[in-house]
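Q: Structure provided below as structure tokens; questions to follow.
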Amino acid sequence: MGTLLGKLGKAAEAISEAVFPSNIYCICCGSLIDGSRAYSLCDECIRKFHWTSGRTCEKCGKVLPGNYRGRLCYDCMGRAHYFTKGYSCLTYGLHERAVLLDYKYNGKGYLAKKLGDMLYDRMSCEELQVDLIIPVPLSAGRKRQRGYNQSELMVRRLSALWGVPWDGTALRRKKETPRLRSLNPSEREMALFDAFAVLGRDAYKIKGKRLLLVDDIYTTGATADACSKALLSAGAGEVYFLSLASGGNRRPKDAEAI
């Protein structure tokens with residue numbers, strides 16, 4: 001069934017591209033490009049992106065510097081996580097930030113198509129098999145303000161290409177939380193305490209299943225853990241985590257919110 005869904009998604013994509021071509025402008029710098037450019041990035045911008053390659057943290061998936069000897073990043077050495085393993089497409093830098101800010105705050109929801117392509121290509125490199133994809137839920141207020149949940153739009157694209165079903169209602173955000181970028185790791189945990197839940201009537205959707213939780217950015221793991229804890233408490237078998245971009249492997253004394 002998953003393979004069939006994936007083939008149908010790709011067929012629909014081919015038709016859409018023929019009628020409404022998306023590769024016209026670079027999504028990062030706005031330069032004119034042709035249809036052969038991956039992710040609608042010009043040659044210069046795609047070289048400036050920090051793609052996940054080489055050694056990564058065995059737990060959260062952050063890229064580890066070549067001279068780093070540990071198997072876990074500094075964050076994962078200092079705390080346990082509820083999710084089984086994390087994956088990421090990019091390390092968050094200036095160019096990644098520019099695209100993500102446009103996507104989240106400037107009404108460019110259409111970028112989900114190319115960002116979802118990045119997620120799909122990243123997971124195509126792994127042997128991970130999951131039953132269901134879950135986007136990190138956005139609060140009702142912020143969703144009204146933006147007009148969409150950025151994680152959900154990427155998940156729709158990933159699901160269509162990968163052939164794995166997704167669900168956007170099982171995991172719910174119970175309360176509005178402050179913006180996390182200005183908070184330290186401990187403050188993030190406190191802000192997200194009991195912020196997510198699976199309602200009893202929705203537990204059947206995830207019971208015993210291997211889930212892939214998806215968000216746009218991973219830093220300390222506070223959001224991923226809060227969501228994973230809620231899913232596992234409701235009966236999920238395992239929870240994996242995928243982010244478009246993750247923070248770097250910074251020492252705790254140097255850690256600061258992105």
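Q: Quick check on my filter: what residues within the range 141-180 are of a type outside the set (D, E, K, R), open to solvent by 40 Å² or more (accessible area, probe 1.4 Å) and part of a loop (DSSP other than H, G, I, E, B)?
A: Hits for the range 141-180 are Gly147, Pro165, Thr169, Pro178.
Q: Kindly indicate whether Leu128 is surrounded by 19 or more Cβ atoms within 10 Å (Cβ to Cβ), under 19 Å from Gly116 (Cβ atoms) and touching a strand residue (DSSP E or B) at 6+ places or on another chain (Cβ under 9 Å). Before the answer, list the steps.
A: On the way: surrounded by 19 or more Cβ atoms within 10 Å (Cβ to Cβ): no; under 19 Å from Gly116 (Cβ atoms): yes; touching a strand residue (DSSP E or B) at 6+ places or on another chain (Cβ under 9 Å): yes.
So Leu128 does not fit the description; no.
Q: Of all residues in the range 40-63, count the ones that are outside any helix (DSSP H, G or I), more than 17 Å from His81 (Cβ to Cβ) and among the basic types (Lys, Arg).
A: 1
Q: Any residue in the range 193-200 that is on the phi < 0 side of the Ramachandran plot and surrounded by fewer than 12 Cβ atoms within 10 Å (Cβ to Cβ)?
A: yes
Q: Can you confirm whether the range 15-25 contains a residue that is modelled with pLDDT of 95 or more and not hydroxyl-bearing (Ser, Thr, Tyr)?
A: no
Q: So which pairs qualify, if the first residue must be in the range 17-35 and open to solvent by 40 Å² or more (accessible area, probe 1.4 Å) and among the β-branched types (Val, Ile, Thr), the second must be part of a loop (DSSP other than H, G, I, E, B) and modelled with pLDDT of 85 or more, the Cβ gap must be under 8 Å, and the two must be at least 6 apart or on different chains?
A: Qualifying pairs under 8 Å: Ile24/Ile33.
Okay, residues lined up against (1) out of contact with any helix residue (DSSP H, G or I) (no Cβ under 7 Å at 6 or more places or on another chain); (2) farther than 21 Å from Lys209 by Cα; (3) modelled with pLDDT of 95 or more; (4) not basic (Lys, Arg):
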position	(1), (2), (3), (4)
Leu100	yes, yes, yes, yes
Asn106	yes, yes, no, yes
Lys114	no, yes, yes, no
Tyr120	no, no, yes, yes
Gln129	yes, no, yes, yes
Val136	no, no, yes, yes
Leu153	no, yes, yes, yes
Leu161	no, no, yes, yes
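Q: Find the residue count for the range 198-256, including only residues that are under 17 Å from the mean Cα position of the chain (by Cα) and free of Cβ contacts under 8 Å to residues at least 24 places away in the same chain.
A: Total meeting the criteria: 0.
Q: Can you name every residue in the range 39-96 that is modelled with pLDDT of 95 or more, more than 13 Å from Gly247 (Cα to Cα), open to solvent by less than 30 Å² (accessible area, probe 1.4 Å) and of a type outside the set (S, T, N, Q)?
A: Within the range 39-96, Leu41, Cys42, Cys45, Phe49, His81, Phe83 meet the criteria.
Q: How many residues are of a type outside the set (A, V, I, L, M), open to solvent by less than 20 Å² (accessible area, probe 1.4 Å) and assigned to a helix (DSSP H, G or I) if we restrict to the range 217-235?
A: 3
Q: Out of the residues in the range 64-100 that are under 19 Å from Ile46 (Cα atoms), part of a strand (DSSP E or B) and among the hydroxyl-bearing types (Ser, Thr, Tyr), which is nearest to the chain's Cα centre (by Cα)?
A: Ser88
The values are calculated or read from the model by the stated rules, or taken from the named source; none is laboratory data. None of these values were measured; they are calculated from a predicted model. Because the Cβ atoms are built from the backbone with ideal geometry, glycine has one as well, and the counts that use them run over all protein chains shown. Just the protein is used for accessible areas: all its heavy atoms, side chains included, with ligands, DNA and RNA removed. Shrake-Rupley method; radii C 1.70, N 1.55, O 1.52, S 1.80 Å.
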